[in-house]
Amino acid sequence: MSRDAGGKVFETDLPKRKVGVLTPLPVIDNGAYEFYRLVKDRIMLVMIPVGLSEFSSRDVERVFAPIDSYLDKLMDRRVDIVVQSGVPLPALIGVQAHDRLIAYIAGYTRRPATSSILGVVEAAKHLGIARLALANKWSDQMNRTLGEFFARQHIAVAGVASKVLAPSEFQKMSGDDNIQLAYELGRQALIDLPDADGLYIGGGAWLSQPVAEALEEEFGKPVITNVAAMIRNVMTHLGCWAPIPGHGRLLGSD
């Protein structure tokens, strides 16, 4: 039986912090798996799938129509921070609409609020990346909008290696197939864009962190993934960031 110095039973078995996550896809698997594989410090994800079915601004509006209901459910679970997870959503609605959404979440919950894209941009800034290569499953228009988020921190997009897939397509991919696709696109981006000084592998629906670690070793350049950026961003907001060695430059740095 676990007992702390004050005599509370099970105190050390409870999560120290809870992270509320609005995740885009109807099935939650790889993102949660990668998070818990990397984070051991009694941090719990409290996840609500919003059920994005297609990459369109209309579908983003549909899934966020009941935003208050989502936030009420997260607050019922006493989360410490709320994350709008998934880069395609802000890439579809644009910078200003994204900023309004994050501000609304923070105001409604009176908790810190952030997003996947904010974490990724902060990660690139932290790593000193000035020209960033992209590897993802998104359209040209989505990648152009994504570039606007990086531009706010004076980070240029050097180019993109992409295989455009609908959510319904990549949700059906096996773990072996999606990790291989992440590796192939990431490697292609680093080969085709030698002037890039870093890579962002976009998307949380595939297993990307092992790929990032392999590509960093192969090319000697920093590689950012959604899960690593989210971990660093969230834990920094919560005041509990500590390096996680052995899992790439971003997670291993102070």
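The values are calculated or read from the model by the stated rules, or taken from the named source; none is laboratory data. Keep in mind the model is a prediction, meaning the values are calculated, not measured. Counting neighbours? That spans all protein chains shown, and the Cβs are built from the backbone with ideal geometry, glycine included. All accessible areas refer to the heavy atoms of the entire protein, side chains included, with ligands and DNA or RNA removed. Shrake-Rupley method; radii C 1.70, N 1.55, O 1.52, S 1.80 Å.
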Debye log10 I(q)/I(0) at q = 0.14 Å⁻¹ for the stretch 1-127, Cα point scatterers = -0.67
With N residues in the stretch 141-215, Rg(alpha-carbon) / (2.2 N^0.38 Å) equals 1.14
Computed from the mean reciprocal separation of all distinct C-alpha pairs, what Kirkwood hydrodynamic radius does the stretch 175-254 have, in Å?
-> 13.0 Å
Extreme residue, positive dipole direction of the chain, given options Ser208, Val223, Leu127 (C-beta unit charges) = Leu127
Debye calc, one equal point scatterer per Cα of the stretch 65-171, no solvent, log10 I(q)/I(0) at q = 0.09, 0.15, 0.20 1/Å comes to -0.27, -0.71, -1.08
Solvent-accessible heavy-atom area per residue, rounded to whole Å², over the chain at 1.4 Å = 46 Å²
Given the rule -39500 (n - 2.57) for each run of at least 4 DSSP H residues, summed and divided by the residues of the chain, what is its mean residue ellipticity at 222 nm, to the nearest 500 deg cm²/dmol?
-> -14000 deg cm²/dmol
Taking the C-alpha atoms of the chain, how large are the radius of gyration and the largest Cα-Cα span, Dmax, in Å?
-> 17.9, 60
Once you've got the Cα coordinates, tell me which of Lys18/Lys221; Lys8/Lys40; Lys137/Lys221 are over 27 Å apart.
-> Lys18/Lys221
For the stretch 1-86, run through the trypsin sites (Lys or Arg not before Pro) and keep only the ones in DSSP coil with at most 16 other Cβ atoms within 10 Å of their Cβ.
-> Lys8, Lys16, Lys40, Arg42, Arg77, Arg78
Go through 95-108, 178-191 and give me the packing order, highest mean Cβ count within 10 Å leading.
-> 178-191, 95-108
For the stretch 63-105, what is the Kirkwood estimate of the hydrodynamic radius, computed as the reciprocal of the mean inverse distance between distinct Cα atoms, to one decimal in Å?
-> 11.2 Å
Please give the FRET efficiency for Ala156 paired with Ala106, using the beta carbon to beta carbon distance and R0 = 22 Å, rounded to the nearest 0.05.
-> 0.15
Calculated from backbone phi, Karplus (6.51, -1.76, 1.60) coupling profile of the stretch 229-238 in Hz, x at Gly/Pro = 5, 5, 4, 5, 5, 5, 5, 5, 4, 7
Unit Cα scatterers, Debye sum, the stretch 196-242: log10 I(q)/I(0) for q = 0.17, 0.30, 0.32 Å⁻¹ | -0.53, -1.02, -1.07
Grab the beta carbon distance between Leu238 and Arg62, set R0 = 30 Å, and tell me the FRET efficiency rounded to 0.05.
-> 0.45
If one compares the long axis through the Cα atoms of helix 140-151 with the longest principal axis of the Cα atoms of the chain, the angle in degrees, nearest 10, works out at 70 degrees
